[in-house]
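The values are calculated or read from the model by the stated rules, or taken from the named source; none is laboratory data. These figures come from a predicted structure and were not determined experimentally. Don't worry about glycine lacking a Cβ; one is built from the backbone with ideal geometry, like all the others, and counts go over all protein chains shown. What goes into the accessible areas is simple: the full protein's heavy atoms, side chains included, and nothing from ligands, DNA or RNA. Shrake-Rupley method; radii C 1.70, N 1.55, O 1.52, S 1.80 Å.
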Amino acid sequence: MKKKKTYTIRKFINDVHLWLGLASGIILFLVCLSGTILAFEHEIKDVFADELVIDPKGEKISVAVLKEKITTENSGVLTSISIPEASDKAYVFTVKENPKERRGTIMMVNPYTGERLKPAANPADAFCFFFFKMHRWLLLDSAIGRPIVGVATIIFLILSITGLVLWFPKKVKWKNVKSGFKIKTKANWKRVNHDLHNTLGFYALIFIIIMGITGLCWSFEGYRVGLGNLIGTKIFNRSSPKFQIIESAEASTISLTEILNTADTIFDYPGDVSINLPGERNDFFSIRKHDANGWSPSISDMAYVSKTGEVLAVEKFSDKPFNVQLASLVKPLHTGEVFGFFSKFIYFLACLIGTSLPVTGTLIWLNKMKKKK
């Protein structure tokens with residue numbers, strides 16, 4: 001008489017991994033596939049973008065003069081200016097017809113001639129936006145697609161943990177464990193498929209978990225608030241500081257040239273500079289500067305200057321507490337931009353592996369079903 005097999009914890013974990021994987025497979029496939037494309041979104045757009053040729057000859061026109069030209073030629077209010085470190089790049093001015101506009105109209109200007117540059121429509125914009133909608137909302141209405149992607153992400157995190165448990169053999173010995181680090185390419189296709197799922201999933205695990213934990217911040221507001229409470233600071237904090245500014249009626253507003261000189265004095269390093277001008281929301285200048293020689297292209301330092309030129313506050317990224325630094329890096333940690341091209345390439349590979357896992361996992365299940373029959 002055969003002895004009845006007991007239902008072990010490992011068998012339970014295996015069943016959880018199997019059925020959650022089968023239930024969410026197509027959604028995870030689409031989310032990871034779109035994430036693979038979006039890992040190099042900016043590079044894809046750059047390939048198809050209309051090249052703006054700027055010949056860096058002669059003296060640059062002062063920012064104050066360019067501002068006057070933009071405001072004269074366009075209706076609306078100038079809200080921000082971006083000045084690149086590279087000499088052959090255009091200045092970027094943002095003009096809003098209505099202060100309530102979210103983005104406004106972006107104008108690119110040749111800093112040597114004052115000519116407004118109008119690049120042709122980028123054909124890659126629609127391509128990347130298609131995959132963006134797939135990644136965030138599965139091409140559905142955001143109110144429907146966002147929670148579906150969120151739930152699938154939670155499932156992916158559970159699959160990652162259960163997959164790690166199943167990656168370890170029943171008898172944990174080095175001889176058995178080391179086989180999980182390599183793919184037996186000379187074995188039959190079923191074994192190769194199993195190793196692709198098991199081994200590649202292990203290597204991509206940490207990146208999938210990071211992408212999942214950060215990605216849920218866009219799916220569920222309650223999760224974002226809870227994660228912020230856990231680390232002790234608000235995530236996606238776009239609020240500006242409040243200052244008690246006392247200015248006399250006779251005081252005049254300093255020029256943009258003086259603001260740039262102030263920025264160079266505060267942040268004595270090369271890098272791109274962005275300036276938000278005083279408006280209805282904030283009655284002061286906000287200066288953001290990226291260090292061209294910094295360890296990450298995603299970090300920046302901030303300074304706030306009154307209209308009369310008084311430095312109100314300076315916020316250097318390196319001086320912020322670790323939890324505040326972590327909260328400000330949620331997006332680049334999710335997209336892989338935190339360390340520039342190197343980390344984006346790693347994320348590209350991790351997303352590519354994530355795309356393959358539902359396929360290889362389903363094939364493993366089908367092979368087992370045939371074996372049982």
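Worth pointing out:
- 10 °C / 1.306 mPa s Stokes-Einstein diffusion coefficient of segment 150-281, Kirkwood radius on C-alpha pairs, µm²/s: 77 µm²/s
- Peptides 77-87, 22-32, 117-127, 223-233 ranked from most to least packed by the mean count of surrounding Cβ atoms within 10 Å: 22-32, 77-87, 223-233, 117-127.
- Within the chain, the whole DSSP H helices whose Cα atoms reach 24 Å or more along their own axis and whose mean Kyte-Doolittle score is at least 0.0 are 9-38, 142-167, 189-219, 341-372.
- Share of carbon and sulfur in the accessible heavy-atom surface of segment 48-166 [1.4 Å probe, %]: 59 percent
- Pairs of Cα atoms in the chain fall into 10 Å distance bins, from 0 up to the last occupied one, in shares of 4, 18, 25, 22, 14, 9, 5, 2, 0, 0, 0 percent.
- Normalised by residue count, segment 294-373 yields a Cα convex hull volume of 127 Å³ per residue.
- Figure legend: label point modelled 7 angstrom from the Cα of residue 167 along Cα→Cβ; residues of segment 317-351 with amide N under 15 Å from it are 350-351.
- Per residue value of the accessible surface for segment 257-304 (all protein chains in place, 1.4 Å probe), Å²: 49 Å²
- If you run the Gaussian network model on the chain, springs between alpha carbon atoms under 10 Å, then out of 338, 273, 314 the most flexible one is 314.
- Nearest-10 value in Å² for the accessible area of residue 337, using the 1.4 Å probe: 50 Å²
- Between residue 191 and residue 142, full extension at 0.36 nm per residue minus the direct alpha carbon distance yields a gain of 13.6 nm.
- MRE, 222 nm, helices only [DSSP H, n ≥ 4, -39500 (n - 2.57), over the chain, to nearest 500]: -17000 deg cm²/dmol
- One chain, two ends: residue 120 and residue 229. Fully extended at 0.36 nm per residue, the span grows by 34.8 nm beyond their Cα-Cα distance.
- Inter-site label distance for residue 175 and residue 69 at 7 Å from Cα along Cβ, in nm: 7.7 nm
- Fluctuation leader among 184, 234, 289 - the chain, Gaussian network, Cα springs under 10 angstrom: 184
- Entries of 133/190; 118/289; 173/371; 69/316; 60/289; 45/67 with Cα pairs more than 23 Å apart: 133/190; 118/289; 173/371; 69/316; 45/67
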